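Just below is one structure, and these are the notes that go with it.
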Amino acid sequence: LFPLAVRGSEGLYMVNGPPSFTESTAFQRDSGKNCKAVAFSKDGSLFAWCNGQKVNVVNVTRAELLHSFDLPKTVCLEFSPKNNVLATWQAYTTAKDGTAGVPNLQLHDLKTGKCLKSFIQKKMQNWCPCWADDESICARNVNNEVHFFENNNFNTIANKLHLQKVSDFVLSPGAQPTKVAVYVPGSKGAPSFVRLYQYPNFGGPQSALANKSFFKADKVTMLWNKKATAVLVVASTEVDKSGASYYGEQTLHYVAASGESAVVQLPKSGPIYDVAWSPNSVEFCAVYGFMPAKATVFNLKCDPVFDFGTGPRNAAYYSPHGHILVLAGFGNLRGQMEVWDVKNYKLISKPVASDSTYFAWCPDGEHIVTATCAPRLRVSNGYKIWHYTGSVLHSHQVPSDQEMWQVFWQPFLDGVFPERAVRYQAVASELPGAEPRPAQAYRPPALRNKPGTSSKLHEDEPPQNMKPQLGGGDKPLSKTALKNQRKHEAKKAAKQEAKAEAHQGPAQVQPPQSALQNTVPATTTGDPELDKKIKNLKKKLKAIEQLKEQAAAGKQLEKNQVEKIQKEAALLKELEDLELGV
């Protein structure tokens, strides 16, 4: 069973996932309407929530209450990766006389229940300290410096990373050594930059593993891959000065821990809606461009591997095992999803989850939850559980006078669920999977009873494999080899065409000149003089074709016109020699 936690105006409860979908007895429903914050631990064994009175921590597997903290105004909760610490955050308040408020960020030892340390953390954004996966390091941003603590000893700052103004940082996932990606925004004409460091080597500019500077960045999003070998940086400006986009301007940068960096070239202009690393760490998917958006998978050289064409989409979600990719259009789009088998780049299903505000893969890599939550949408709140083949296995809608605020799977550690073979046949379901048909496009009254004509605003681009096709050997053809291959094919085509023209009898009716112009390929040799000669010869041959047409129609030709026709064979021979000499 894969439980889900559901939070809303009906309280907080857990539901067993497939196949039963019944309310879980392991967690006793909290019917309070003031549940503001909930969190699972990374391995899913612990669960914490604040009900407006206390912060409670339970062991989910044993259904046992471990701790209860008297922190009624808590709005954010988070567990450390190994379940040693619970971090809680309350809104920061100052006294009426203007004196400093009390520390509002607390770190609690989950073994003893004692408060390890309290900090003042004014902003809700990036409120939580960041731990390395083994908890050997914990870091937080304080006044544009990154402070590091070791082994959960928060009384001593073990290390500091000080640059001009560190706006944001991200620790790498996985085993030691821990790497740190830091972002420093540009100022006074200086560019913004992202630097990668290996903890604790922060001394001097030469200590950085990699550096990528760029203009056009008011904020950045930094994404480490699972193996901690590279970071993707989405740099955004608040305003697009060209006026092309309401959403500002975005660029995508690739920074490797080895020191390499590049701008990822996106073939279509427009916003970057989403970027996601594959769990295999060697590929990533970007969804970008003015609608209909493109989606492309790139490799670590930032070369396109597969292009999914265009469609109504603004998000990409890899399954936990990385074998399936869902491209979806949520928010202001209709909720269309495309489920792809990434190994073979085959489309598995195209379900539609209308009005969805949330999407998440189940840790088993087989099931998906989509939900409509308040406050984004205050009507038709509820969730659906799907199999990736497009079948709706369970659907729950809350009563019309109630709201649902959050739904999410209980997490499990990687490796708990093995990867299964991809299925294409829809899984059996008792619920209908069909969605209501989308509304038809408006047609003016004068056209309503007439046969419909296709009048698309744009043509959708089909998916295409971008990997270089293999030639005779095992390696992809080089640029020079491809160029020579094209030359060879052009010679061959020209030779066949010239032969066909030479064997045509004078009495044969030729296609009109306009048709000839469309069918004769333009041959370019790279030598302007030679191109000119070939062009003139073709012009003469076209004139001869016209004369032959006139003669066939019964027109009396002049002596010089007859002589022109007699020169046809010689001109064809000359043309053939020139084109074969390319």
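The values are calculated or read from the model by the stated rules, or taken from the named source; none is laboratory data. None of these values were measured; they are calculated from a predicted model. Cβ coordinates were reconstructed from backbone atoms using ideal geometry, including for glycine residues, and neighbour counts include every protein chain displayed. The area values use the complete protein model at the heavy-atom level, side chains included, leaving out ligands, DNA and RNA. Shrake-Rupley method; radii C 1.70, N 1.55, O 1.52, S 1.80 Å.
Amide H contacts of residue 23 (H built 1.01 Å from N, in plane; Pro and chain starts excluded): 16 sit under 5 Å, all sequence-distant by 5 or more or on other chains. Between the amide H of residue 324 and those of 319, 342, distances stay under 5 Å, these residues lying 5 or more places away or on another chain, with hydrogens modeled in the peptide plane. By a 1.4 Å probe calculation restricted to protein chains, residue 30 has an accessible surface near 30 Å², given to the nearest 10.
The length gained on full extension between residue 126 and residue 29, counted as 0.36 nm times the residue separation minus their Cα-Cα distance, comes to 31.9 nm.
3J(HN,Hα) along the range 348-363: 8, 7, 9, x, 10, 10, 4, 6, 6, 10, 8, 9, 7, 6, 6, x Hz, from the Karplus curve 6.51 cos²θ - 1.76 cosθ + 1.60 with θ = phi - 60°, whole Hz, x for Gly and Pro. Under the simplified labelling scheme, the residue 566-residue 378 pair shows an inter-label distance of 9.5 nm, with each label point 7 Å from Cα along Cα→Cβ. Projecting label points 7 angstrom from Cα along Cα→Cβ for residue 201 and residue 223 puts them 2.8 nm apart. Close amide-amide hydrogen proximity is noted between residue 461 and 310, each under 5 Å apart and 5 or more residues distant or on a separate chain (H modeled in the peptide plane; Pro and chain starts excluded). Phi-derived couplings, Karplus 6.51 cos²θ - 1.76 cosθ + 1.60 at θ = phi - 60°, listed residue by residue for the range 266-281: 9, x, 10, 7, x, x, 9, 7, 7, 9, 9, 7, 6, x, 6, 6 Hz, with x used for Gly and Pro. If R0 equals 45 Å, the separation of the Cβ atoms of residue 213 and residue 65 corresponds to a calculated FRET efficiency of about 0.30.
The 3J(HN,Hα) values that the Karplus relation (6.51, -1.76, 1.60; θ = phi - 60°) gives for the range 75-88 are, in residue order, 10, 9, 9, 7, 8, 6, x, 9, 6, 8, 10, 10, 9, 10 Hz. Gly and Pro appear as x. Descending by average beta-carbon neighbour count within 10 Å, the peptides 389-395, 18-24, 326-332 line up as 326-332, 389-395, 18-24, the highest first.
Contour minus end-to-end for residue 153 and residue 136, with contour as 0.36 nm per residue of separation and end-to-end as the Cα-Cα distance?
5.1 nm
May I ask you to derive the FRET efficiency for residue 265 and residue 36 from their Cβ-Cβ distance with R0 = 35 Å, giving the value to the nearest 0.05? Efficiency, rounded to the nearest 0.05: 0.20. Approximating the spin labels as points 7 Å out from Cα along Cα→Cβ, the residue 535-to-residue 282 distance works out to 4.9 nm. Extension gain for residue 332-residue 56 works out to 95.7 nm (0.36 nm per residue, less the C-alpha to C-alpha distance).
For the range 129-260, averaging the sequence separation of C-alpha pairs within contact (under 8 Å, six or more residues apart) and dividing by the residue count gives a relative contact order of 15 percent. The distance separating the Cα centre of the range 195-240 from that of the range 1-49 comes to 37 Å.
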